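Okay, structure first, notes after.
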Amino acid sequence: MAKSGKNWSEEELKAAVDAYLEMLQLESSGRPYSKAEINKRLRDNVLSNRSKGSIEYRMQNISATLHELCLPWIQGYKPASNVGSRIKDQIKEMLSRKGAVDKQIYLPTAEYEELDNKVQALRSGLKVALLNGEPRGITTPEKVTSSTTSHKRDPLVKAWVLETANGFCEACGSSAPFATSGGIPFLEVHHMNLLADGGPDTIANTVAICPNCHRRLHHARDKEEFKNHHDRAGLNEA
């Protein structure tokens, strides 16, 4: 009998997410397991109308969602490309219900204190996950106007840039000038193409720099030359 090509029901997707998290926990603890056996178990139960290949691809969808959040994913299930936003949102919601993802911590915000709190919380979990992916960021940050105009920023982008800088200014190479009360090296994140000028809130457009270099990028006579020499593309080529 042909397997169903219809959209996955919530029950089917939940079964896949539950099985994925089970495998991820086993893998992270170093315990052996069989992807094929778990796949068959799913086909013998809730996913009886799904093929082995369709279940494997759904697992790759889950990997892609975790990859985008810079969270650990099962290495045997390479993140699928071009996963639709609808299915990603469904997976994120289910991961949130299972306690695997704090959905609120990833939401963009224009409030500096809220952004900083989210960044600090994200950085505490990034050390073991940095190699798992890069955040997409926001190509067109939403403007928020009160008495002043600000932009909603992705806390994961700021956390990623600060964490990968490892306490050193990405412009002058010097160590952070001081540590925060939490013991974290203090650096600032600068958008090379300013958000006010339509620049994106992405890692390709940001650098972690010391306060002195930050002021130089904004106010120095040679700021354009300094900017061109120290943008993210130049850093990646170095």
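So which of Val83, Val101 ends up being closer than 20 Å to Ser9 by Cα, of a type in the set (A, V, I, L, M, F, W, C) and either surrounded by 15 or more Cβ atoms within 10 Å (Cβ to Cβ) or within 15 Å of the chain's Cα centre (by Cα) (or both)? Can you show your working first?
Values: Val101 fails: closer than 20 Å to Ser9 by Cα.
Residue meeting the stated conditions: Val83.
Can you name the residue in region 67-79 that is among the aliphatic types (A, V, I, L, M) and modelled with pLDDT under 90 and is also surrounded by the most Cβ atoms within 10 Å (Cβ to Cβ) among such residues?
Our first condition is that a residue be among the aliphatic types (A, V, I, L, M); within region 67-79, this holds for 69, 71, 74.
Then drop every residue that is not modelled with pLDDT under 90, which leaves 69, 71.
On the way: Leu69: 26, Leu71: 19.
In this case the residue turns out to be Leu69.
Within region 137-151, can you find the residues that are of a type in the set (Ser, Thr, Tyr) and part of a loop (DSSP other than H, G, I, E, B)? Don't jump to the end; show me each part of the working.
So the first thing to find is which residues in region 137-151 are of a type in the set (Ser, Thr, Tyr), and the list is 139-140, 145-150.
Listed by number, the residues that qualify are Thr139, Thr140, Ser146, Ser147, Thr148.
Only one of (1) farther than 30 Å from Ser146 by Cβ; (2) out of contact with any helix residue (DSSP H, G or I) (no Cβ under 9 Å at 6 or more places or on another chain); (3) surrounded by 14 or more Cβ atoms within 10 Å (Cβ to Cβ) fails for Ala110. Which number is that?
(1)
Out of the residues in region 134-187 meeting the condition of being acidic (Asp, Glu) and either at pLDDT 90 or above or under 18 Å from the mean Cα position of the chain (by Cα) (or both), tell me which one is nearest to Leu71 (Cα to Cα). Reasoning before the result, please.
First, the residues of region 134-187 that are acidic (Asp, Glu): 134, 142, 154, 163, 170.
Of the ones still in play, those that are also either at pLDDT 90 or above or under 18 Å from the mean Cα position of the chain (by Cα) (or both) are 134, 154, 163, 170.
On the way: Glu134: 10, Asp154: 16, Glu163: 14, Glu170: 24 Å.
Here the residue is Glu134.
All but one of (1) of a type in the set (Gly, Ala, Ser); (2) under 17 Å from the mean Cα position of the chain (by Cα); (3) surrounded by fewer than 16 Cβ atoms within 10 Å (Cβ to Cβ); (4) over 21 Å from Ser124 (Cα atoms) hold for Ala64, so report the exception by its number.
The single condition Ala64 does not satisfy is (3).
Within region 1-93, which helices (runs of 4 or more DSSP H) (wholly inside it) include 1 or more residues that are under 30 Å from Gly137 (Cα atoms) and of a type in the set (Asp, Glu)?
10-28, 52-68
The values are calculated or read from the model by the stated rules, or taken from the named source; none is laboratory data. If you're wondering where the values come from, they're calculated on a predicted model, not measured in any experiment. Methodologically, a virtual Cβ is constructed for each residue, glycine included, from the backbone with ideal geometry; neighbour enumeration extends over all protein chains shown.
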